[in-house]
1. As an exercise: evaluate GLU142 against (1) part of a loop (DSSP other than H, G, I, E, B); (2) more than 18 Å from the chain's Cα centre (by Cα); (3) under 20 Å from ASP13 (Cα atoms) and give the number of the one condition it does not meet.
2. Any residue at all in segment 48-61 that's open to solvent by 50 Å² or more (accessible area, probe 1.4 Å) and touching a strand residue (DSSP E or B) at 6+ places or on another chain (Cβ under 6 Å)?
3. Please work out which one of (1) free of Cβ contacts under 8 Å to residues at least 40 places away in the same chain; (2) within 12 Å of the chain's Cα centre (by Cα) is the condition ASP115 fails and give its number.
4. Could you list, in sequence order, the residues of segment 94-129 that are open to solvent by 30 Å² or more (accessible area, probe 1.4 Å), farther than 19 Å from VAL56 by Cβ and in contact with a strand residue (DSSP E or B) (Cβ under 7 Å, 6 or more places away or on another chain)?
Amino acid sequence: MGAITRRFQEKVDCIVTECYVYAATNLTHGDSIKRVKITRSLWDTGASVSLISARVAKVLGLSSIGKSGVSGYNEGIDVKDTFLVHLGLPTGDIVTNIMAMEFESDEYDVVIGMDVICNGDLAITNKDDKTTFSFRIPSESEIDFSERH
């Protein structure tokens, strides 16, 4: 039920925001919920699932719930641990029970994939060579750029 818009003074080739990763737990209890703030999470419409780094999994004390194979830009399939997490978005919303796959990156600790993005509306524009990124959750209405005003 929130929204975020980020404006960049130039055209950017990736969208990076903050987020929180929570250990998957019942959020309605008054208990202290373990979470970690991520300052560099990458929004990736090419990722079908969200990803977290081994560092984040270790900080939260997460136990693997299984393994999953991933193929990407390199050859072959890598088998990685998966973890059940809640993801706190910069909109203020929390997407619960995300099966996040472990990944290695020196640049990001989280990749927000389509398993999260498909819960809302996303738009990226590049007017005057300045990128504007907007996301709202839940989806409110169709965005149709084919209609010119």
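1. Checking GLU142 against (1) part of a loop (DSSP other than H, G, I, E, B); (2) more than 18 Å from the chain's Cα centre (by Cα); (3) under 20 Å from ASP13 (Cα atoms), the one that fails is (3).
2. yes
3. (1)
4. Hits for segment 94-129 are ASN119, LEU122, ILE124, THR125.
Yes or no, residue by residue, for (1) farther than 27 Å from SER134 by Cα; (2) β-branched (Val, Ile, Thr); (3) in a strand (DSSP E or B); (4) modelled with pLDDT of 95 or more:
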residue: VAL21; (1), (2), (3), (4): no, yes, yes, yes
residue: LEU27; (1), (2), (3), (4): no, no, no, no
residue: ASP31; (1), (2), (3), (4): yes, no, no, no
residue: TYR108; (1), (2), (3), (4): no, no, no, yes
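The values are calculated or read from the model by the stated rules, or taken from the named source; none is laboratory data. Everything numeric in this text was worked out from a predicted model, so none of it was measured. Using ideal geometry, Cβ is built from the backbone for each residue, glycine included, and neighbour counts are taken over all protein chains shown. In case anyone asks, the SASA skips ligands and DNA or RNA and just uses the protein heavy atoms, side chains included. Shrake-Rupley method; radii C 1.70, N 1.55, O 1.52, S 1.80 Å.
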